[in-house]
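The values are calculated or read from the model by the stated rules, or taken from the named source; none is laboratory data. Everything numeric here is computed off the predicted structure, so don't read it as measured data. Using ideal geometry, Cβ is built from the backbone for each residue, glycine included, and neighbour counts are taken over all protein chains shown. We work out accessible area using only protein heavy atoms, side chains counted, and drop any ligands, DNA or RNA first. Shrake-Rupley method; radii C 1.70, N 1.55, O 1.52, S 1.80 Å.
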Amino acid sequence: MSDQLIHILPAHVANQIAAGEVVERPASVVKELLENSLDAGAKSITVRIAEAGKKRIEVEDNGYGMSAADAELALKRHATSKISTTEDLHHIASHGFRGEALPSIASVSRFRMQTSLQGSHEGVELRMDLGELETRPAAPRKGTRIEVLDLFLNTPARLNFMRTDKTEEAAIIEVMRGLAICNPAVALNLELDGRKRLSFTEGQNERGRVIAVMGSEFAGNSIEQRIEHEGIQISAHLGLPTYHHRDTSRMLFLVNGRVIRDKQLIAALRAGYRDVMFHDRYPVAVIRLEMDPVNVDVNVHPAKREVRFKSPQAVRAAIVACVRAGVERMGQTVSSMPTDQALQAMQKTSPAFPDAASGSFSYQSGSGAGFSSGGRSKFASGARSSNAADLQHLLFGAPMRESAHEPEAGYEIQGTLNLGTPLAQIHSCYILSQSEDGVVLIDQHAAHERITYEKMKSQLDRGQLAEQIMLTPEKWSPGLSIAAWLSDHAETLKTFAVDLDQTTEESFSIRSVPALLSGESPVELVAELVDACMLIGFEAEGRSRVLERWLGNRACKGSIKAGRMLAIEDQDALLREMERTPNIAQCNHGRPTYVRLSLNDLDRLFGRKE
């Protein structure tokens, strides 16, 4: 028996190990081949898929192509045209650079490649089956065509980990969409089992390609925001705060032309939306970052889905600054989703409209219909068709599904907010107002909550938060641990107009509170402030987070409550104050403060228009 235990792995085994890192599923193959085509300067790429990629993946492009010698070399491990020295690793501008993709893919499939060098009069065809390479002459062509047949045929255990065809196809579509946004000038086409699934035309600009990928509804509920921060160029397409999603799947990050999934970037995007969105909802956005390649390391993940930034704090600050600038521009505008949901819900509970052509009438059945089975109107009985809580849920609840409505034109902030003239108060909860082009429904509590919050935030930012000196100081005994913390930080609380005097080892007297919250319980107010400070801290960003956490809750409790009757003068004053308030489109918890129904919407609702 030999004493030597360590040996060099055969090339085909090494390639299959590499394939395990690079080729996770058919979508991984599509990604690698598409990136090769893009690096080859292709302006048009077509992808054809059979049986979710398990049977066949074909990628055809019109790029530069390769000579016969280069084509053979491309199937060797670590053969690449992208880098030559270690210094090149710090300036990577191409999609691929390691030279592992093609040999890895070829090691777990039956591989076919046809290519010819641009301007050449001859081409080459390569076939590799289970490590055996065959090369033959072929007719010249523009670009390269690659076929990957019977993926994982020699590693059948990998097939057991494949998902359903629909799931694998969805993953391929997501890869195509991401690369389509990264490369708006390139035409990309996808066929699934002979059916055209995606088609992006050549020569689009960035905004046009983003809308083509994200959908026309996104066009009507988003803005484009560009900034430069410490050498980082950011081009962001930001959804309105009230246009949100149930998870992070509608966030897309591009770093120097690569699609990246990074928890830090997701956290930065959410931080930018922090005080204008539901805590359990997620923004819809496309964020493109461009920076010097030396400041970002792309060589940290086998599939290049993750990167490492030289200065992650600068990247986070840039994203937050960009989003905050965008929110400032669109903070007075509600998305189309609440209006669409209100219309859909009202149409479901209303009789069907007459067919204009036939002149016939039909009525929808169900508990929401306007008439009971006995023919007597429910409204005639004096019973309410819905109470204030139902109306609250109908008009201002979190969306349960995406709207089917597609606005005709892109959204752009223009002019000033005009909420019209108040007409009435509904259930002591909502204000009905008439505007120039329709009606507006205002949630009085949500609106005043945001007004109070913005006033306090403005005063705090200027260091002029008005305080209310208490005639009789309130006693507070928070406990030994909090008392110990307060002994070191009591001066800091004065920033928030809270002044404490320590009377015993565990007791304090509350001498002042913010004037805007003077009607609140001083003990509850100060306790919540201290909790927020102890949890978050006082560093640069922590101070703003304390503000958001504390003021968001306290402003809610100090606002006009639902159920409070308002005189017509008070209603008008509230609307005018709303028009002067930034970020008024949503309350501190992300709910919309108003919903618009245009005359066109009302005409559709009553069957005057289709």
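Shape descriptor for segment 153-312: Rg over Rh equals 0.99 (Cα atoms; Rh from the Kirkwood inverse mean 1/r). Pairs of Lys residues in segment 418-610 that lie 8 or more places apart, or on two chains, and have C-alpha atoms under 22 angstrom apart add up to 9.
With a 1.4 Å probe rolled over the protein heavy atoms of all chains, the accessible area of V307, V523 falls in the order V523, V307, largest first.
So if we plug the beta-carbon distance of V294 and E72 into 1/(1 + (r/R0)^6) with R0 = 41 Å, what FRET efficiency do we get, rounded to 0.05? Efficiency for this residue pair is about 0.75. Compared with the alpha-carbon gap, the fully stretched path from Q313 to F161 is longer by 50.9 nm at 0.36 nm per residue. When the C-alpha to C-alpha distance is required to be over 22 Å, the pairs from K54/K76; K31/K310; K76/K166; K43/K196 that qualify are K54/K76; K31/K310; K76/K166. Each peptide in 229-236, 50-57 receives the mean, over its residues, of other Cβ atoms within 10 Å, and ordering these scores from highest gives 50-57, 229-236.
Sorting 168-177, 491-500, 308-317 by average packing, meaning the other beta carbons within 10 Å per residue, from highest down gives 168-177, 491-500, 308-317. Computed with a 1.4 Å probe over protein heavy atoms only, the accessible area of M565 comes to about 140 Å². Each label point was placed 7 Å from the Cα along the Cα-to-Cβ direction; for A50 and L417 their separation is 5.8 nm. For the pair E474 and R564 in one chain, pulling the backbone fully straight at 0.36 nm per residue adds 29.5 nm over the alpha carbon distance. In this simple spin-label model, placing a label point 7 Å from the Cα along the Cα-to-Cβ direction at both E174 and H121 gives a separation of 5.0 nm. Which percent of the accessible area of segment 222-330 is formed by carbon and sulfur heavy atoms (probe 1.4 angstrom)? Percent of accessible area from carbon and sulfur atoms in segment 222-330: 48.
Maximal additional length on extending the E579-E224 stretch stands at 125.5 nm, based on 0.36 nm per residue less the C-alpha distance. For E202 and L432, the FRET efficiency from 1/(1 + (r/R0)^6), where r spans their Cβ atoms and R0 equals 51 Å, is about 0.55.
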